[in-house]
1. Being closer than 14 Å to residue 26 by Cβ, surrounded by fewer than 19 Cβ atoms within 10 Å (Cβ to Cβ) and at pLDDT below 90: is that true of residue 206 here?
2. Determine, yes or no, whether residue 245 is under 26 Å from residue 176 (Cα atoms), modelled with pLDDT of 90 or more and either in contact with a strand residue (DSSP E or B) (Cβ under 7 Å, 6 or more places away or on another chain) or part of a helix (DSSP H, G or I) (or both).
3. Pick out, from the range 15-103, the helices (runs of 4 or more DSSP H) lying fully within it that include 2 or more residues that are without any contact (Cβ under 8 Å) to a residue 40 or more places away in the chain.
4. Of the residues 229, 221, which single one is over 13 Å from the mean Cα position of the chain (by Cα) and surrounded by 15 or more Cβ atoms within 10 Å (Cβ to Cβ)?
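The values are calculated or read from the model by the stated rules, or taken from the named source; none is laboratory data. Only a predicted model underlies this, so the values are computations on that prediction, with no experimental measurement involved. Cβ atoms come from the backbone with ideal geometry, glycine included; neighbour counts cover every protein chain shown.
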């Protein structure tokens, strides 16, 4: 979550030079190549080894790639365009922990405990305090934006459901490698029809833009490989509901990074929101640990 919080800043830097489809293609192409190299080097590792997938499991990997990153990034882009307030959009897109228990119970029969619910509610309240209090613009904008935000969150949660469905003998790196590889099959045609010619026309000047290129490198290495592999491992170990609660801590890391890097002020209500989020996270994890014992 810390890595993905930093990714938001990196995306803003990269979009100053690259178009959205160009950024996605560069990011995930570099990520897939890196995972291929890592997987071949650590092929015997239980986490970083790269395996071949069985034909019967290909539909699950394709479905996962369709949910995220494909449809997730497309719906997310249009959500920000449809909702007038970026703050409201961010708040609506941070509701995975609310939907995750419903999806997990209906599709996986994953147990939801009282402490899970209390922790989710508390951390969500803290997240809303962090994002909404002090914001002057509460305009929702086009109702279509609300639907798109719901679809975006649904794609993210559905992706975690697929991660749980994929057989456990596959390593986390293998799962993320094939999911992102299949997603590129969709993004390359979109990029080719929209932004490919623009990138080729300005290729020489792009080489002189160090900061956006570093941002792309961060997104590829850390956000698209390290964070996805870590999250995949987490979902498969502790479940969809408990893993998705940690999405509420992303605004905390974003606020702290903005404070450290850009000297952005942290008002008292944001500090209170951070404390509430952390308390909620601890409560949401506690009951499952006790049950396992």
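1. Details: closer than 14 Å to residue 26 by Cβ: yes; surrounded by fewer than 19 Cβ atoms within 10 Å (Cβ to Cβ): yes; at pLDDT below 90: yes.
For residue 206, the condition - closer than 14 Å to residue 26 by Cβ, surrounded by fewer than 19 Cβ atoms within 10 Å (Cβ to Cβ) and at pLDDT below 90 - is met.
2. No; evaluated as a whole, the condition is false for this residue.
3. Per the criteria, 20-41, 58-65, 72-82.
4. None of the others qualify; the one that does is 221.
So that you can scan it fast, the table gives a plain yes or no per residue for (1) farther than 17 Å from residue 218 by Cα; (2) surrounded by fewer than 20 Cβ atoms within 10 Å (Cβ to Cβ):
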| position | (1), (2) |
| --- | --- |
| 16 | no, yes |
| 39 | yes, yes |
| 46 | yes, yes |
| 66 | yes, yes |
| 71 | yes, no |
| 82 | yes, yes |
| 91 | yes, no |
| 97 | yes, no |
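Here's the yes/no breakdown for (1) touching a residue at least 40 places away in the same chain (Cβ under 8 Å); (2) within 30 Å of residue 51 (Cβ to Cβ); (3) surrounded by 21 or more Cβ atoms within 10 Å (Cβ to Cβ); (4) out of contact with any strand residue (DSSP E or B) (no Cβ under 7 Å at 6 or more places or on another chain):
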residue	(1), (2), (3), (4)
107	yes, yes, no, yes
110	yes, yes, no, yes
114	yes, no, no, yes
133	yes, no, no, yes
146	yes, no, no, yes
152	yes, no, yes, yes
164	yes, yes, no, yes
173	yes, yes, yes, yes
179	yes, yes, yes, yes
